[in-house]
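The structure under discussion appears below in the form of structure tokens.
The values are calculated or read from the model by the stated rules, or taken from the named source; none is laboratory data. This one's a predicted model, so the numbers in the text were calculated from it and none came from an experiment. Neighbour counts are summed over all protein chains in view; Cβ atoms, including those assigned to glycine, are modelled from backbone coordinates with ideal geometry. Accessible surface areas use protein heavy atoms only, side chains included; no ligands, DNA or RNA. Shrake-Rupley method; radii C 1.70, N 1.55, O 1.52, S 1.80 Å.
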Amino acid sequence: MAQRSVVLALALWCLVADGEAVWLELSTTATKCFSERIQSNVVVIGDYDILFDGYPTRPILSIQVTSPYGKVLHHREKVMQGQFSFNTAEPGVYLACFSVDTLDKELVGVALELTKLETAVQAVHGNLMYLRSKESDMRDVSDWTNFKITWLSLMSLSVCVIASIAQLWHLKRFFRKKKLI
């Protein structure tokens, strides 16, 4: 599958001091994670959205946020945007991982488009084969017509030569009879 990048806008507001915004650029096969050390009893709120300028279809996202001890705090698959919030129970490094998934609809659409293109290619190939056979038939007809025209021209020339010889013979006989020659 072609590599294309998707810009993911993630605004993560931590109520510790002031908010932060993180922008990630993801390819269709990559997963990116970021982490932050957060104290206990802090409310964490996050918004995420995919910016997909210049792409024909909107990609989808999978997100997972885990606590320092591996507890999954937020997990969503096949989303285009969303929010999460949680209270930190223990201090430590919290991890948020993002990956771009391929849309099943997109794959079906691509497969449908490929099928259409394959049908079109087969139709063009069939037309080319039909035109090739017609061209071959027309070449045979043209060669046969050329042969007949050549034969007819030779016959016409021989008739003209025979007619001119007959006229000369007849005129020579006529003038000898009249004693002009």
### Query
Could you give the length gained on full extension between Cys160 and Arg176, defined as 0.36 nm per residue of separation minus the Cα-Cα distance, in nm?
3.4 nm
### Task
Could you pull out every one of the lysines with an alpha carbon less than 19 Å from that of Lys32, ignoring same-chain neighbours closer than 8 positions?
Lys71, Lys78
#### Entry: Rounded to the nearest 10 Å², the accessible area of Leu112 at probe 1.4 Å
100 Å²
### Task
Please give the contour-minus-distance gain from Leu117 to Trp169: 0.36 nm per residue of separation, less the Cα-Cα distance, rounded to one decimal in nm.
11.1 nm
### Task
Starting from the exponent 0.38 and prefactor 2.2 Å, build the expected Rg for the range 29-101 from its residue count and divide its actual Cα Rg by it.
1.19
### Query
Can you work out the FRET efficiency for the pair Thr31 and Glu135, with r the C-beta to C-beta distance and R0 = 45 Å, to the nearest 0.05?
0.20
### Query
For the range 29-101, what is the relative contact order in percent, using Cα pairs closer than 8 Å and at least 6 residues apart in sequence?
50 percent
